[in-house]
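See structure below.
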Amino acid sequence: MNASSVLSLVREDLRAFAGYSSARSSALVGDVWLNANESAWANPADPQGSARRYPEPQPEALRARLAALYGCTPEQLLIGRGSDEAIDLLVRALCEPGRDAVLVTPPVFGMYAVCARLQNAPLLEVPLVDSDTGLNADIDAIIATALSGKAKLVFLCTPSNPAGSSIALSDIERVATALRGRAVVVVDEAYGEYAEQPSAVTLLDRYDNLAVLRTLSKAHALAAARIGSLIAAPELIQLLRRCQAPYPVPAPCSALALAALEPAALTTTAARVAEVKAERARLQQALQNAPGVRRVYASQGNYLLVRFNDAQRAFDALLATGVVVRDQRAAPQLGDALRITVGSPAENDRVLQVLTAGRAAA
């Protein structure tokens, strides 16, 4: 698909949208900056004045570092406030209210549906299929529903939250091919560091209607910094930047992210990801035979989805010992399930002490 067809998926009224031109978006050079109505003095709480000026809208150094991390070019990458902002930007830029649909695969991350609702975009649901191998995406149904329901955006969460299942790159290609010129397929890889398969970023050169979401919130332990990335065709990135708020990346968060992406920090992160994978396997094996546990789903994320005979009792038993897990019972198909994040070995031991001792059994 060529660049013009990518932009043809954008709302017609936004294709020529110029957006807001901030004081930091120009290439002006000077040493006395009086163009942004900033304070001439530092705040007493910030004596170095590091926060006195507005930040770069897309910090060049961080954008380059993230592009290197994810295997794309800086022109293919947009930095935002977590993945949430990128999801919202995509829905607002591509979906004409009341007409263009958003497709999701419940049970799944709820922000896709929230953003669709706020945009008054019809929501199409293709439930995950529960089978012996896990809760998996129904690729044929996704394609058929997207075509018949006029979906403009299709969200594929892989590894899926909370199911933990992955979607093979060959299946992602099938969806992208079938929806070429009709929809953008958004592959949410928030937990990609914990998965075994390569990133869908490797497909971008062949499928311009693909976009990939990544974040520093999970494996890189920077949830409070709110650094997310959208990776897509440069033309789409440029347009979404014009739809984005003027200064989306606070300077302290950008500096923290840059430090977290230094080689030494990345080495530590890789070691911790490996430890999470080992702990995930240990936790899964121990829980499978625990009293009151009906099923533990295999996971490619840093969490396990667990079905219980009495999920309320299990939740309460954990909470009584100070362990807080995610109650999934309001989600479709998960009326008996809790999601347990894989913590440190000591934290996981506390979970096992409660659940394997039978205190949570019905």
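Rounded to the nearest whole Å³, what is the per residue volume of the convex hull around the Cα atoms of segment 1-122?
199
Each eigenvalue of the Cα gyration tensor of segment 64-165, multiplied by 5 and square-rooted, gives one semi-axis; in descending order these are 24, 20, 12 Å.
Placing a label point 7 Å from the Cα of ALA270 along the Cα-to-Cβ direction, the residues of segment 62-89 with a backbone N closer than 19 Å are 65-72.
Bridgeable aspartates and glutamates around LYS277 (alpha carbons under 12 Å apart, same-chain partners fewer than 8 residues away excluded): GLU193, GLU196. Taking amide H as placed 1.01 Å from N in the peptide plane, VAL187 has its amide H under 5 Å from the amide H of LEU156, ALA211, VAL212, LEU213, each at least 5 places away in sequence or on another chain. Kirkwood analysis of segment 119-222, using all unique Cα-Cα pairs, places the hydrodynamic radius at 14.2 Å. Sorting ASP31, ASP46 by the number of Cβ atoms found within 10 Å of their own Cβ, with the fewest placed first, yields ASP31, ASP46. Restriction of the trypsin sites (Lys or Arg not before Pro) in segment 144-220 to DSSP coil positions whose beta-carbon has at most 11 other beta-carbons within 10 angstrom yields ARG206. Quick check on the chain: of the DSSP beta bridges with both residues there, what percent are antiparallel, nearest 5%? That works out to approximately 60 percent antiparallel.
Under 20 Å from a point 7 Å along the Cα-to-Cβ line of ARG350: which residues of segment 311-328 have their amide N that close? Counting only backbone N, you get 312-328.
Across the chain, the longest run free of exposed loop sites, meaning chymotrypsin sites (Phe, Trp or Tyr not before Pro) lying outside DSSP classes H, G, I, E and B with no more than 14 other Cβ atoms within 10 Å, spans 42-362. Taking Cβ atoms as reference points and 12 Å as the exclusive limit, the residues near ASP171 contribute a net charge of -2, counting Lys and Arg as +1 and Asp and Glu as -1.
Relative intensity of segment 279-362 on a log10 scale, I(q)/I(0) at q = 0.13, 0.19, 0.21, 0.25 Å⁻¹, equals -0.32, -0.73, -0.91, -1.37, per a Debye sum over C-alpha point scatterers of equal strength in the absence of solvent.
Compute the FRET efficiency between ALA255 and GLN197 as 1/(1 + (r/R0)^6), taking r as their Cβ-Cβ distance and R0 = 45 Å, and round to the nearest 0.05. Could you put the intermediate results ahead of the total?
Numbers: r = 32 Å, r/R0 = 0.72.
Taking R0 as 45 Å, the efficiency between ALA255 and GLN197 is 0.90.
Since every read-out is calculated from the coordinates, none of them should be taken as a lab result. As the structure is a prediction and not an experimental result, all values here were calculated from the model. Glycine also receives a Cβ, built like all others from the backbone with ideal geometry; neighbour counts cover every protein chain displayed.
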